[in-house]
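One structure below.
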Amino acid sequence: MEELSMKNTLKAGDERKIEEEFFQYIVIRLGDEQYGIDIRYIDNIVRMQHITRVPKVPAYLKGVINLRGEVLPVMGLEADELTRATRIIILKLEQQGSVGIIVDEVKEVVTLGTSEIEKMSQNAGENKKSFITGVGKHNGELISLLDLNSITLEENA
């Protein structure tokens, strides 16, 4: 009986909460900034390991790694320094397959509701494509939410 009265209270009181969707993100640190990666894209997180350089590739492509018999490309920004917290996140992307990205630290997994995410407004006159889909608010901190497909498509173009 108590369960029924709770449903009636929710329906009458606040339907917005019932319709709210929740998404999980892995929060990473790159330099002084923190970013969120949709957990659906994460295949694996591994400790930093030897990266074999590949000649004549763009600067963002650091090389390749051998992960359990599979050779994967690894992307990264110019690293300040590699620490014990540095990780390679293996992503499964829609068109590119698996790729690794180097991050300074993997912090935590957070669940954000649609009410905690501010979508980025797309300006029609803007030529530059944004790699951020929105900004999440969690425990008083802001998390820039990455659009991984646009980052890798842009770099492959």
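Taking amide H positions as modeled 1.01 Å from N, with prolines and chain starts lacking one, the residues under 5 Å from Ile45 and 5 or more places away or on another chain are Ile90.
Highest mean packing comes first when the peptides 24-31, 56-63 are listed by Cβ atoms within 10 Å, giving 24-31, 56-63.
Kindly identify segment 35-92 as rounded, prolate or oblate by the Cα gyration tensor criterion: order the square roots of the eigenvalues as a ≥ b ≥ c, call it rounded if a/c is under 1.5, otherwise compare a/b with b/c, prolate if a/b is larger, else oblate. Judged from the Cα gyration tensor, segment 35-92 comes out rounded (a/c under 1.5).
Summing charges over neighbours of Ile101, with a neighbour being any other residue whose Cβ is under 10 Å away from its Cβ, gives +2 when K and R count +1 and D and E count -1. Which of Lys62/Lys92; Lys62/Lys137; Lys92/Lys119 have a Cα-Cα distance over 26 Å? As for pairs spanning more than 26 Å Cα to Cα, those are Lys62/Lys137.
Laboratory data are not the source of any read-out in this text; all were calculated from the coordinates shown. What you are looking at is a predicted structure, and each value in this text was computed from that prediction instead of being measured. Positions of Cβ are backbone-derived with ideal geometry, glycine not excepted, and every protein chain shown enters the neighbour counts.
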